[in-house]
Amino acid sequence: MDERTVSSRIEKFMAYAGSLPNARSYHRKDWDTNYFEIAGKMFGMMSLVGDSKAIITLKNRPEKNEELRELYPGVVIAGYYTNKTHWNSVYLANTAFTDEEICRLIKVSYDLVVLKLPKKIREELTDD
């Protein structure tokens, strides 16, 4: 996959993550990465540059993370700079995952983080 296509994917995933209810996606300058958050909690991060090393790091259930690593060796790796049990990183220059599949993984990550938020915060988010 060429750099232009990977850059386009990064833009698409930033827009999708930012479109989820009460979520923000932005360039986090102190980490120099694209960052996804809800109520101050990270649900993903992604490379800034659309090259062959570009990755997206997302949360998932531990058993699903293991399954994805086994099914897609070299494409899905243990989460970069994150807890290796709960997070995976996916190389964006691959054709193993469609944009829709990556968006589904972003949504799973978002949902898992929302579920772990304190009840009061979850209620405040749904009152908006």
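The values are calculated or read from the model by the stated rules, or taken from the named source; none is laboratory data. Treat the numbers as computed from the prediction; the structure is a model and nothing was measured. Don't worry about glycine lacking a Cβ; one is built from the backbone with ideal geometry, like all the others, and counts go over all protein chains shown. Just so you know, the surface numbers come from the protein's heavy atoms only, side chains and all, with ligands and any DNA or RNA stripped out. Shrake-Rupley method; radii C 1.70, N 1.55, O 1.52, S 1.80 Å.
Across the range 13-23, which residue is farthest from Glu123 (Cα to Cα) among those that are surrounded by 14 or more Cβ atoms within 10 Å (Cβ to Cβ) and touching a residue at least 60 places away in the same chain (Cβ under 8 Å)?
Phe13
I'm told Tyr80 meets every condition in (1) over 16 Å from Leu20 (Cα atoms); (2) outside any loop (DSSP other than H, G, I, E, B) except one. Can you identify the failing condition by its number?
So Tyr80 meets the others, but not (2).
Just to be sure I understand the filter: pairs with C-beta atoms under 7 Å, separated by 6 or more residues or on different chains, first member in the range 88-109 and closer than 19 Å to Ser52 by Cβ, second member open to solvent by 60 Å² or more (accessible area, probe 1.4 Å) and hydroxyl-bearing (Ser, Thr, Tyr). Which pairs pass?
Sorted first by the residue in the range 88-109, then by its partner, the pairs are Ser89/Tyr80; Ala93/Ser52; Ala96/Tyr72.
Cβ contacts < 7 Å: first residue farther than 13 Å from Val113 by Cβ, restricted to the range 37-62; second residue open to solvent by 50 Å² or more (accessible area, probe 1.4 Å) and among the polar types (S, T, N, Q), any location; separation 6+ or different chain. Result?
Pro62/Thr85
Out of the residues in the range 66-120 that are touching a Phe, Trp or Tyr at 6+ places or on another chain (Cβ under 7 Å) and of a type in the set (A, V, I, L, M), state the one that is farthest from Arg4 (Cα to Cα).
Only one residue tops the list, namely Val113.
Given the criterion open to solvent by less than 30 Å² (accessible area, probe 1.4 Å), within 23 Å of Asp111 (Cβ to Cβ), in a helix (DSSP H, G or I) and in contact with a Gly (Cβ under 7 Å, 6 or more places away or on another chain), identify the matching residue among Ile56, Ile10.
It is Ile10.
So which residues in the range 97-119 are in a helix (DSSP H, G or I) and over 19 Å from Arg24 (Cβ atoms)?
Hits for the range 97-119 are Asp99, Glu100, Glu101, Arg104, Lys119.
Among the residues of the range 59-118, write down those that are in contact with a His (Cβ under 8 Å, 6 or more places away or on another chain) and of a type in the set (Gly, Ala, Ser).
Result: Gly79, single match.
Take the residues of the range 63-107 that are aliphatic (A, V, I, L, M), open to solvent by less than 70 Å² (accessible area, probe 1.4 Å) and out of contact with any helix residue (DSSP H, G or I) (no Cβ under 8 Å at 6 or more places or on another chain): which is nearest to Glu37 (Cα to Cα)?
Leu105
Within the range 24-41, how many residues turn out to be more than 17 Å from Ile102 (Cα to Cα) and either in a strand (DSSP E or B) or open to solvent by less than 60 Å² (accessible area, probe 1.4 Å) (or both)?
9
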